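Scroll down for the structure; my scribbles are underneath it.
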């Protein structure tokens, strides 16, 4: 299956328009059913109830565009089955997130569901030899894939704590993955990533500050499971195995940074890593005087920065991969220590 640049653009635009249209409909439904995020916990920084169900708009847009696109290009049965094995676990995770949005579950049911979903997905990927950067050992590949899928799914869920923060970051990351996949002739990954990018950009129109709707756990868990699975299947270009493993990590560098800072900060204060708090990157930027719009732009810019490193690693000569990889790691470490050093418990201001 070969997909042209125009077809990628059409998929992106269709997903963007679909999600842009579905989102206000989901907003109205959430208000009617009173499915809203109330500012009733200390770690929440909004002051008025915000409708949930934005995640359903993203899920619906992705499914509709994939279905229509598959029919339009007459996708062969084998490739369509691969697409379903990527999309179905993510959708199931999104539905569990929807249940959480409505019933406000404790963290453990979500974590157990993520682990089950990650185990199934990792098992299928390893058994079908579709791991993008295999280690050569099926058991190691299996365990790494589970850890990656569960970890990234949680990271995206943690990261969704600012108007437009998570949706903009996923839009940029998935666009980068789409371009990288297209240039390495991984057409179905490039197509799915283009659709994912379009849907999240369409949602961002409504989710940017001041947010009119949130994606909720339904959207965050769906996006986390979907992009983590796409990245497991992505096969980077570099000959250097370290660079190959680094490219997916670089694409997700900012959500990983956010989770690392928040979790280690909580552990240092003898608190549960799953307990909510004002210790994420966005909260720390707000406390030093950034407003919500500037904070979102900074997070998006950081994402672009690391995605740019992923592009460089995929195109430069072998001899330069080591120095570029080292520079990207040093950048991440500097950002980690800077954010970690910022106060974490003061009251956030707008």
Would you point out which residue out of 194, 147, 182 is assigned to a helix (DSSP H, G or I), over 30 Å from residue 36 (Cβ atoms) and free of Cβ contacts under 8 Å to residues at least 60 places away in the same chain? 147
For residue 105, only one of the following conditions fails: (1) free of Cβ contacts under 8 Å to residues at least 40 places away in the same chain; (2) in a helix (DSSP H, G or I); (3) within 30 Å of residue 295 (Cβ to Cβ). What is its number? (2)
For residue 46, which of the numbered conditions (1) surrounded by 13 or more Cβ atoms within 10 Å (Cβ to Cβ); (2) at pLDDT 85 or above fails to hold? (2)
Select from the range 279-290 the residues that are touching a residue at least 60 places away in the same chain (Cβ under 8 Å) and assigned to a loop (DSSP other than H, G, I, E, B) and write down the one among them that is nearest to residue 162 (Cα to Cα). 280
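Take the conditions more than 19 Å from residue 156 (Cβ to Cβ) and either over 18 Å from the mean Cα position of the chain (by Cα) or at pLDDT 90 or above (or both) and apply them to residue 236. Does it pass?
The answer is yes for residue 236.
Residue-wise test of (1) in contact with a strand residue (DSSP E or B) (Cβ under 7 Å, 6 or more places away or on another chain); (2) at pLDDT below 95; (3) over 27 Å from residue 136 (Cβ atoms).
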site	(1), (2), (3)
228	no, no, no
241	no, yes, no
253	no, no, no
300	no, no, yes
(1) crowded, with 18+ Cβ neighbours inside 10 Å; (2) in contact with a helix residue (DSSP H, G or I) (Cβ under 6 Å, 6 or more places away or on another chain); (3) modelled with pLDDT of 90 or more all hold for residue 3 apart from (3)
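The values are calculated or read from the model by the stated rules, or taken from the named source; none is laboratory data. What you see is a predicted model, and the numbers here were worked out from it, not measured in a lab. All Cβ positions, glycine included, derive from the backbone under ideal geometry; neighbour counts span all protein chains shown.
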